[in-house]
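Down below is the structure, laid out as structure tokens.
The values are calculated or read from the model by the stated rules, or taken from the named source; none is laboratory data. All figures in this text were calculated on a predicted structure; none of them were measured in a lab. Please note: Cβ atoms are built from the backbone with ideal geometry, for glycine as well, and neighbour counts cover all protein chains shown. Side chains included, ligands, DNA and RNA excluded: accessible areas come from the protein's heavy atoms. Shrake-Rupley method; radii C 1.70, N 1.55, O 1.52, S 1.80 Å.
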Amino acid sequence: MRRLALMTAGVITLGGLAGLATASPAQAASGTFTNSAPIAIADVATVTRSVTVSPFGGSITDVDVVLTNLSHTFAADLDVYLRAPGDGNQAVKLMSDACGGGPVNGTFTFDDEAAAGLPGAGCASGSFRPTNVAEGDNTPAGLTVAASLSAFDGRNPVGSWTLYVVDDAGGDVGTINGGFSVRITTESSVIDVPVTGNAAPYPYQLDVSGQAGSITDLDVRLNGVSHTWPTDLDVLLVGPTGASTLLVSDTCGTGDVNDVDWRFDDSAPAMPTAGPCPTGTYRPTNNDNAEAFTPPAPAGPYGAALSVFNGSAPNGTWRLFVTDDSNPDGGFVTSVDLVVKTDAPGNTTITSKPKKVTTKRKATIGFTADKAEVTFQCKVDAKAWKACSSPLKVKKLAPGKHKVKIRSVGTSGQVETTPTVVKWKVRR
């Protein structure tokens, strides 16, 4: 269970707040995805094979590719490309016209950090940078080709990765007898969305405790959202009391979203059905009233606005259920925030005050609170509590000791339990 700090003044945040629980940091991921089926390389033809990466979160930071037991009777005939999931058909040319006019046999790893590219003749097993010996190849239709695997950096790894194996001259054939593997390293994420089905974890949990007052307003932030077909994405927020709101369902169209931040606020416009949905603020948007989530998510019907949580305490376990309702695309979320306002009073802090001993018969006291929504009450010496604001100015003070108490008042009238006190002495 993840624990996120909550401030009654505003944002639930992932760190840096002394005395409040914080979430465990998300970890970067690394994995190898393999299609080991043999690939027959036909003469003067293009063969494709795919492997699905799912679920796997975070933006790509590194990709390596392994061709296992490659064999061909005329190596220079070979052109090999790898295409990533998502819009743009981004591909990298792993090898082209390398290794010369003789046969080639071995297992080849393609890695931008390798010491060298493939030689022009006489290749043996090893690790090499992507290598294109000669230009003028007939690139498979639709691919956007780069020379380095770093072209995949920053992309969403989830979905189908496709290997294109091209034999571009007659008379020779071959195989990749052990198939191919894609090794991927990514940045951190907290929710990994598969190509279909429930995200990991399901649910994502946020545990809040020790917070006073009842909710008067709640917003939700999904940060670093990436998905190659966002209309597949369904997101349900369930509060500690069981109240729920469907944040996203069947919105934003079919174009990639990549590292966008979505804030959900009842007063914002709806998400566009056909997209695009860039970084911005939207109200909860559901275009499929028949949407259902599998247990342990509650059964519908689900709420349509974040106001369903108003009046409840923020303490307890908040659950975020994320699912992908159709193949073959997926994505991830890098962090989640709740932005909460409550009716509890804030904590008052003195910003200016008189000297402990003074001859002045007047004083000015400045103060603030850690909530913007509160008002204040002040008690000067033995007088009654009265509404006040900063700075408080008191005049015609008699010689002797003086004391001013200041407390904040929440939006529903609750007062700060322990007032802040300022004491000083007026000398004759």
Identify the residue in the stretch 206-223 that is at pLDDT below 95 and not hydrophobic (A, V, I, L, M, F, W, C) and, among all such residues, is nearest to Asp324 (Cα to Cα). Asp207
On the basis of being under 22 Å from the mean Cα position of the chain (by Cα), of a type in the set (Asp, Glu) and open to solvent by 50 Å² or more (accessible area, probe 1.4 Å), does Asp325 make the cut? yes
For the stretch 367-390, state whether one or more residues are hydroxyl-bearing (Ser, Thr, Tyr), over 30 Å from Pro230 (Cα atoms) and assigned to a strand (DSSP E or B). yes
Could you list all residues from the stretch 388-402 that are open to solvent by 80 Å² or more (accessible area, probe 1.4 Å) and either in contact with an Asp or Glu (Cβ under 9 Å, 6 or more places away or on another chain) or at negative phi (or both)? Lys393, Lys395, Lys401
Among the residues of the stretch 27-62, the number that are farther than 19 Å from Ala84 by Cβ and either open to solvent by 20 Å² or more (accessible area, probe 1.4 Å) or not in a strand (DSSP E or B) (or both) is 9
Determine which member of the set Val145, Val133, Val165, Val173 is open to solvent by less than 30 Å² (accessible area, probe 1.4 Å) and in contact with a strand residue (DSSP E or B) (Cβ under 7 Å, 6 or more places away or on another chain). Val165
Matching residues in the stretch 403-419 - criterion: being of a type outside the set (Val, Ile, Thr), open to solvent by less than 30 Å² (accessible area, probe 1.4 Å) and outside any loop (DSSP other than H, G, I, E, B): Ser408
For Gly366, state whether it is crowded, with 22+ Cβ neighbours inside 10 Å and either touching a Gly at 6+ places or on another chain (Cβ under 8 Å) or in contact (Cβ under 8 Å) with a residue 24 or more places away in the chain (or both). no
Take the stretch 376-404 and flag every residue that is in contact with a Cys (Cβ under 7 Å, 6 or more places away or on another chain) and closer than 23 Å to Lys360 by Cα. Cys378, Cys388, Leu392, Val404
Select from the stretch 264-302 the residues that are farther than 18 Å from Lys341 by Cβ and outside any loop (DSSP other than H, G, I, E, B) and write down the one among them that is modelled with the lowest pLDDT. Asn286
Could you grab the pairs with beta carbons closer than 6 Å, sequence gap of 6+ or different chains, first residue in the stretch 333-348 and closer than 30 Å to Val422 by Cα and open to solvent by 10 Å² or more (accessible area, probe 1.4 Å), second one in a strand (DSSP E or B) and of a type in the set (Ser, Thr, Tyr)? Lys341/Thr216; Asp343/Thr216; Pro345/Ser408; Thr348/Ser408; Thr348/Thr420
